[in-house]
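Following: one structure in structure tokens, then a few remarks.
The values are calculated or read from the model by the stated rules, or taken from the named source; none is laboratory data. In this text the structure is predicted, and so the values were computed from the model without any measurement. Counting neighbours? That spans all protein chains shown, and the Cβs are built from the backbone with ideal geometry, glycine included.
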Number of protein chains: 2
Amino acid sequence: MLTDRFLRDRRGVSLEAGERARLEAAISTTSTVESRKIIARAGEWLDQSTLLVEGIMSRYLDDRDGLRQLVAIHLPGDFVDLHAYPLKHLDHDVGTMTPATIAIVPHVELDAITEEMPELTRKLWFATLLDAAIHRAWLFRLGRLDAIGRVAHFFCETNVRLQSAGLSDGRQFTLGLTQADVAEICGLTTVHVNRVVRHLREEGLCTFRNGKVEILDAAKLARRGQFDPAYLYIDDPASPPPPDQRPRR
Amino acid sequence: MLTDRFLRDRRGVSLEAGERARLEAAISTTSTVESRKIIARAGEWLDQSTLLVEGIMSRYLDDRDGLRQLVAIHLPGDFVDLHAYPLKHLDHDVGTMTPATIAIVPHVELDAITEEMPELTRKLWFATLLDAAIHRAWLFRLGRLDAIGRVAHFFCETNVRLQSAGLSDGRQFTLGLTQADVAEICGLTTVHVNRVVRHLREEGLCTFRNGKVEILDAAKLARRGQFDPAYLYIDDPASPPPPDQRPRR
DNA sequence: GCATGCGATTAACCTCGATCATGACGATTC
DNA sequence: GAATCGTCATGATCGAGGTTAATCGCATGC
């Protein structure tokens, strides 16, 4: 199903079969989009949202000189601009990074869901807040890490996210991105990303060639990028949620 | 009322009287908190959220060395950790920056609201996505602006937000923050924030003394920080939403 | 009266990453 | 086969901002 990867293995909020079916039924059309196409522009009024089925998409802001700062990248299973449902106007552009397959969900369908299925509504709400949590990790990355740490953190995050989508084995994965893309994500220049990539390779942490990332030493890479996957809210039987005063569940 | 400033003058989503009353009724307690206190820690399980009535609060992530990166500051009227309602666990700490008055809303009340009032639910959802939009502006700030631009952008944003809360006249406002706080927001050192503040003063853009900001040249300051308030979704009869293919309304 | 402490300020020094430039390699097009 | 373009690679130079440290102003407390 098109929604199979949506909220997969997320702590406590994975969809029930009925909920998934309802969401699937909300899809009006699916289509393929070529690489590097703009799907939605900042300020546009939207009455539908986009579920990413295959490929990689991004959201970004432009500066005065036309340079971009990516604020999110989206992987298969992500509801790319679900936040357009309550917001209606986006504050950024949305585009593809690679060829992509997308499914369209009209907002009128979401109206129906929010009227009838409060539990599913909370899960959709959760999905948009997961993106916000990733924004916060990116803020940490840009504000507190040096260039090497930023790239390391980004690779760690993407590895975990792709793994939960079943698209990485945890050791290597294909990311259709160039060094210039990574630069726009990490707030660096492509020249410097190139040097960072070389450094990471020489230190035996990871390699990045032809859009393919290979993790050589996951622990060291995570340490270098101060990466802790807790903010991704992924179910992992091996690492239960942190201790706290939570009632059992 | 305690909720008077919540979603005030936000494009198309201000609360109806009945909705505001319902939210007001959802408040269980109010209390005052002293400055620099932690309200919630990362990972904790939460069954209530906090509406900020008076004062300034922040959300932040710690790096390995104990340095903090602020990911949000909250002003009176903000529903500081409403995102804890769907998320249950936060990925960051929440604390006060100044003495504050807060109102507590138990999640069971929000359960009831989401069951019975889908329209209000969408507005609450909107409020959490507004915070995400601000996250994105902060990402732009950290990723694409230099030190002077970052501080300029932050002062512009805060001015507009405080103005919509009725706490700034657009020319000057009191922000209980130190230069060190601004450093944690802008990903800089306090020493450099000091240099930036001097520069902004010497250039006649704004001053920052004793936690008070005075805007000397709003247009120049906005230009220097590449600030465009669209992402704050504030109703402003003087500046209608950007042109697009939206059906009339 | 003095001690204490926080925040602002300023200087000296140095590093990280930007900028500018050049070239290699492979894929595409004509 | 030549030309073009996107991506990767690498060197040289420079400047924005970090680091360290010293000082000052001012409030608070004893």
Item to complete: Inspect region A:173-183 for any residue being within 16 Å of DNA strand C (Cβ to nearest atom) and more than 19 Å from A:MET97 (Cβ to Cβ) and give the result as yes or no.
Response: no
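Residues that are within 13 Å of DNA strand D (Cβ to nearest atom): list the helices (runs of 4 or more DSSP H) wholly contained in region B:135-245 that include at least 3 such residues.
Details: elements: B:147-164, B:179-186, B:190-202, B:218-224.
In region B:135-245, the matching helices (runs of 4 or more DSSP H) lie at B:147-164, B:179-186, B:190-202.
A quick yes/no check of all residues on (1) closer than 16 Å to B:ALA230 by Cβ; (2) among the basic types (Lys, Arg); (3) more than 8 Å from chain B (Cβ to nearest Cβ):
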site	(1), (2), (3)
A:GLY43	yes, no, no
A:LEU46	yes, no, yes
A:LEU51	no, no, yes
A:SER58	no, no, yes
A:ASP63	yes, no, no
A:LEU67	no, no, no
A:VAL71	yes, no, no
A:ASP78	no, no, yes
A:ASP81	no, no, yes
Worksheet item: Hey, B:ILE104 hits all of (1) surrounded by 21 or more Cβ atoms within 10 Å (Cβ to Cβ); (2) not in a helix (DSSP H, G or I) but one; which does it fall short on?
Response: (1)
Worksheet entry | Condition broken by B:MET117, with the remaining ones in (1) under 19 Å from the mean Cα position of the chain (by Cα); (2) at pLDDT 95 or above satisfied | (1)
Discussion item. Suppose we keep only residues that are among the β-branched types (Val, Ile, Thr) and closer than 12 Å to A:HIS153 by Cβ within region A:184-205. Which one would you say is nearest to DNA strand C (Cβ to nearest atom)?
Written reply: A:VAL196
Item to complete: Quick one: in region A:55-80, of everything that is at pLDDT 95 or above and charged (D, E, K, R), which residue is farthest from A:GLY43 (Cα to Cα)?
Response: A:ASP78
Fill in: Near pairs, Cβ below 6 angstrom, 6+ apart or cross-chain, from region A:176-204 (within 14 Å of chain B (Cβ to nearest Cβ)) to any residue that is outside any helix (DSSP H, G or I) and away from DNA strand C (no atom under 11 Å from the Cβ)
A:GLU184/A:ARG68; A:GLU184/A:LEU70; A:ILE185/A:LEU70
Worksheet entry | Residues of region B:158-196 that turn out to be over 22 Å from B:ALA72 (Cβ atoms) and either touching a strand residue (DSSP E or B) at 6+ places or on another chain (Cβ under 6 Å) or surrounded by 19 or more Cβ atoms within 10 Å (Cβ to Cβ) (or both), as a count | 2
Discussion item. Among the listed residues A:ARG136, A:ARG59, A:ARG141, identify the single one that is out of contact with any strand residue (DSSP E or B) (no Cβ under 8 Å at 6 or more places or on another chain) and of a type outside the set (Phe, Trp, Tyr).
Written reply: A:ARG141
Worksheet item: If we keep just the residues of region B:127-152 that are within 12 Å of the chain's Cα centre (by Cα) and more than 7 Å from every other protein chain (Cβ to nearest Cβ), which is surrounded by the fewest Cβ atoms within 10 Å (Cβ to Cβ)?
Response: B:ALA127
Fill in: Cβ-Cβ under 6 Å pairs, at least 6 apart or on other chains, region B:125-153 side in contact (Cβ under 8 Å) with a residue 60 or more places away in the chain, far side of a type in the set (Val, Ile, Thr) and surrounded by fewer than 24 Cβ atoms within 10 Å (Cβ to Cβ)
B:PHE126/B:VAL13; B:ILE148/B:VAL196; B:VAL151/B:VAL196
Fill in: Output for region A:49-85, where each listed residue is in contact (Cβ under 8 Å) with a residue 40 or more places away in the chain, more than 15 Å from A:GLU184 (Cβ to Cβ) and touching a helix residue (DSSP H, G or I) at 6+ places or on another chain (Cβ under 6 Å)
A:SER49, A:LEU75, A:PHE79, A:LEU82, A:HIS83
